Amino acid sequence: PFCPDHGVAAVHARATSAAEDLASRNEGARAVVSYPVRVSDTEAFLTLRESLVKKGYRRLSVAGAVRDIDEVRPSEATAKDVRVGVVVDRLVLGLRDVRRLQQALEAAWSEGAGTAEVVAELPSPGDGPRTRTLVVGRGLVCPVCAKGFEPPRPALFSYNSPLGACPTCKGFGRTIAVDWDKVFPDPEKSL
């Protein structure tokens, strides 16, 4: 399958290949591996915070800033258009830490429903560091946006199956609709 948004072929992402690719492309970058969470209201945030502390997570990424979980107020996490992520690991990307990055991606995928975010801060001469946010998905995903796809099955290629049928005609080759030109052959006349 191809991503309808970016027009690139979907790839099957595994933790080992994703970690090696990230480490080789962003050598020497400081990175934060996290997974996104949705916080609807104050009570949901307090419940989330309690469960994260029990699991051993101590940092949140709120609007791009990594902060201690106890310092984040519920009003900050529930504000409109604020992205909240649970920080799984912070590390320097490189080929010697590929195994650690792989474990962080697997943990983020298991907790974040198959989606992990890696914020890489690349050293840049002169004008300060450049920050890139990379979304990494598990399974058959778009390499750009991490949109997930179902793996191909024979039913997807059969017009007799609801999965592979044309969405307009449902696999029958014709559509049932009213042809208004036949209902009103002469639009100049009144009903």
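The values are calculated or read from the model by the stated rules, or taken from the named source; none is laboratory data. Bear in mind the structure is a predicted one, so any value in this text is a computation, not a measurement. A quick note on method: Cβ atoms are made from the backbone with ideal geometry, for glycine too, and the neighbour counts reach across all protein chains shown. These accessible areas exclude ligands, DNA and RNA; they are computed on the full protein's heavy atoms, side chains included. Shrake-Rupley method; radii C 1.70, N 1.55, O 1.52, S 1.80 Å.
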- Task: Scan segment 129-181 for residues that are surrounded by fewer than 13 Cβ atoms within 10 Å (Cβ to Cβ), charged (D, E, K, R) and either at pLDDT below 80 or under 16 Å from His12 (Cβ atoms) (or both) and jot them down.
- Result: Arg130, Glu150, Arg153
- Can you find a residue in segment 149-158 that is touching a strand residue (DSSP E or B) at 6+ places or on another chain (Cβ under 9 Å), assigned to a helix (DSSP H, G or I), among the hydrophobic types (A, V, I, L, M, F, W, C) and under 30 Å from Lys55 (Cβ atoms)? no
- Item | Filter result for Phe157 (more than 30 Å from Ser17 (Cα to Cα), out of contact with any Leu (no Cβ under 7 Å at 6 or more places or on another chain) and free of Cβ contacts under 8 Å to residues at least 12 places away in the same chain) | no
- Note on the structure: Per the filter on segment 94-112, residues open to solvent by 40 Å² or more (accessible area, probe 1.4 Å) and either modelled with pLDDT under 85 or touching a helix residue (DSSP H, G or I) at 6+ places or on another chain (Cβ under 6 Å) (or both) are Leu95, Glu106
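Within segment 52-70, take every residue that is among the small types (Gly, Ala, Ser), under 20 Å from Val135 (Cα atoms) and without any contact (Cβ under 8 Å) to a residue 24 or more places away in the chain and give me the one that is most open to solvent (accessible area, probe 1.4 Å).
That would be Ala63.
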